[in-house]
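The values are calculated or read from the model by the stated rules, or taken from the named source; none is laboratory data. From a predicted model like this one, the values you see are computed outputs, not experimental measurements. Every residue, glycine among them, receives a Cβ derived from its backbone with ideal geometry; neighbour counts consider all protein chains shown. Accessible surface areas use protein heavy atoms only, side chains included; no ligands, DNA or RNA. Shrake-Rupley method; radii C 1.70, N 1.55, O 1.52, S 1.80 Å.
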Amino acid sequence: MEGSVSLARGAADAPFYLNQGDECDVFEAAHRNGLPVLLKGPTGCGKTRFVAHMAQRLGRKLYTVACHDDLAAADLIGRYLLKGGETIWVDGPLTRAAREGAICYLDEVVEARKDVTVVLHPLTDDRRTLPIDRTGEELAAAPGFMLVASYNPGYQNILKTLKPSTRQRFISLEFDFPPPDLETEVVAQESGLERDRVSSLVRLAGKLRALKGQDLEEGVSTRLVVYAATLIAQGMPVERAVLAAMIEPLTDDEDVKRGLLDLVTAVFG
């Protein structure tokens, strides 16, 4: 079945996440009231980390599903499988989350097939039910169940958008890359690199993001900045770490790479 599972441990063990505003309060209020949440923002800005942080903060098991073109409703709900000579029903991650009162997170939901969003509708209104056609069960979501989905509006096209009828079933939180001071703190915490050295990486990231839509399809993510800082903290030369973690992942065009390396020289000297 599709999906990964994280076991909730509690706020003290929650993955590091630094608030940018009141997003944690809004998420907690949504959870208390059984409301679904839609997270919008660019790739690598912290949406998935935020959900993992909140699941453990709330003491809820988390089922994470990375959506893709071939993801069908059956991958979420479940299917009959042959086991030991018998045909048995096996719940998918969405069904398990609804039974257990867990959080189900659909990462990049617009990448999934259209039949997936139809399945979500009964779970995102006052019914809070999941019809399982193959078994005839009408599953009522257990207390604590929460549906969370995310997508990157920058990658939307006419074939991959959320219908208004789906969007308006969720409350929405908009994410973006943190301001430089917060991003510096996040990267330093995650990588172990000194803040003064991290600040130069964050400054470079800002310059690279300014090229989005020009030479680059997407700006460098906070995740990649953490990768670069981690390599530097382990002793790799700055230029090599930046090339491996912040330049090569962004483009295959050699001319563009040379231009980006000029930016690196301008920032680091």
Subject >> Whole-angstrom gap from the stretch 166-238 to the stretch 54-109, using each part's C-alpha centre >> reply: 31 Å
Subject >> Mean separation of Cα contacts under 8 Å, 6 or more apart, over the residue count of the chain: relative contact order % >> reply: 20 percent
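Go through the stretch 101-132 and name the trypsin sites (Lys or Arg not before Pro) that are in a DSSP coil and have 14 or fewer other Cβ atoms within 10 Å of their Cβ.
Details: sites: 113, 114, 127, 128; in loops: 113, 127, 128.
Loop-located and lightly packed - 127.
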Subject >> Computed P(r) (all Cα pairs; the stretch 21-162; 5 Å bins; percent) >> reply: 2, 10, 19, 22, 20, 14, 8, 3, 1, 0, 0
Original post:
So what does log10 I(q)/I(0) come out to for the stretch 106-237 at q = 0.11, 0.14, 0.15 Å⁻¹, using the Debye formula with one equal point on every Cα and no solvent?
Top reply: -0.61, -0.81, -0.86
Original post:
Fully extended, how many nm does the chain gain between residue 194 and residue 18 (0.36 nm per residue separation, minus their Cα-Cα distance)?
Top reply: 61.6 nm
Original post:
Considering only protein heavy atoms and a 1.4 Å probe, what is the carbon-and-sulfur percentage of the accessible area of the chain?
Top reply: 49 percent
**OP:** Kindly express, to the nearest 10 degrees and within the range 0 to 90, the angle between helix 195-209's C-alpha long axis and the longest C-alpha principal axis of the chain.
**Re:** 80 degrees
Subject >> the stretch 25-118 - percent relative contact order, Cα under 8 Å, separation 6 or more >> reply: 31 percent
Subject >> Unsatisfied cross-links (Cα-Cα over 22 Å) in the set 40/257; 47/212; 212/257; 40/212; 83/114; 163/212 >> reply: 40/257; 83/114; 163/212
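If each residue of separation counts as 0.36 nm, what is the full-extension length gain between residue 99 and residue 118 once their alpha-carbon separation is subtracted? Write out the running numbers ahead of the final one.
On the way: separation 19, 0.36 × 19 = 6.84 nm, distance 1.92 nm.
Gain in length upon complete extension: 4.9 nm.
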Original post:
Just for the Cα atoms in the chain, what are the lengths along the principal axes, largest first, rounded to whole Å?
Top reply: 66, 42, 39
Original post:
Spin-label point model (7 Å from Cα, Cβ direction): what's the residue 244 to residue 165 distance in nm?
Top reply: 5.0 nm
Subject >> Accessible area of residue 81 in the full protein assembly, 1.4 Å probe (Å², nearest 10) >> reply: 70 Å²
Original post:
Amide H to amide H under 5 Å from residue 139: which residues, 5+ apart in sequence or cross-chain, H placed 1.01 Å off N in plane?
Top reply: 130, 132
Subject >> Relative pair counts by distance (%), Cα atoms of the stretch 40-89, 5 Å bins >> reply: 4, 15, 15, 15, 19, 14, 8, 7, 3, 0
Subject >> Accessible-area value, residue 173, 1.4 Å probe, nucleic acids and ligands omitted, Å² >> reply: 20 Å²
Original post:
For the stretch 136-219, what is the relative contact order in percent, using Cα pairs closer than 8 Å and at least 6 residues apart in sequence?
Top reply: 14 percent
Original post:
So how tilted is helix 254-268 from the main axis of the chain? Cα-based, degrees 0 to 90, rounded to 10.
Top reply: 70 degrees
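Averaged per residue, what accessible area in Å² does the chain show with a 1.4 Å probe, protein chains only?
Values: 13170 Å² over 269 residues.
On a per-residue basis, the chain sits at 49 Å².
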Subject >> Where labels lie 7 Å past Cα in the beta-carbon direction, separation of residue 174 and residue 254 in nm >> reply: 4.1 nm
**OP:** Rounded to the nearest 10 degrees, what's the angle between the helix 47-58 long axis and the longest principal axis of the chain, both from Cα atoms, 0 to 90?
**Re:** 60 degrees
Original post:
Expressed in whole Å with the largest first, what are the equivalent ellipsoid semi-axes of the stretch 190-252 derived from the C-alpha gyration tensor as the square root of 5 times each eigenvalue?
Top reply: 20, 12, 9
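On full extension of the chain, what length is gained from residue 266 through residue 215, given 0.36 nm per residue of separation minus the C-alpha to C-alpha distance? Intermediate results must be reported in sequence, preceding the final value.
Details: separation 51, 0.36 × 51 = 18.36 nm, distance 1.75 nm.
Value of the extension gain: 16.6 nm.
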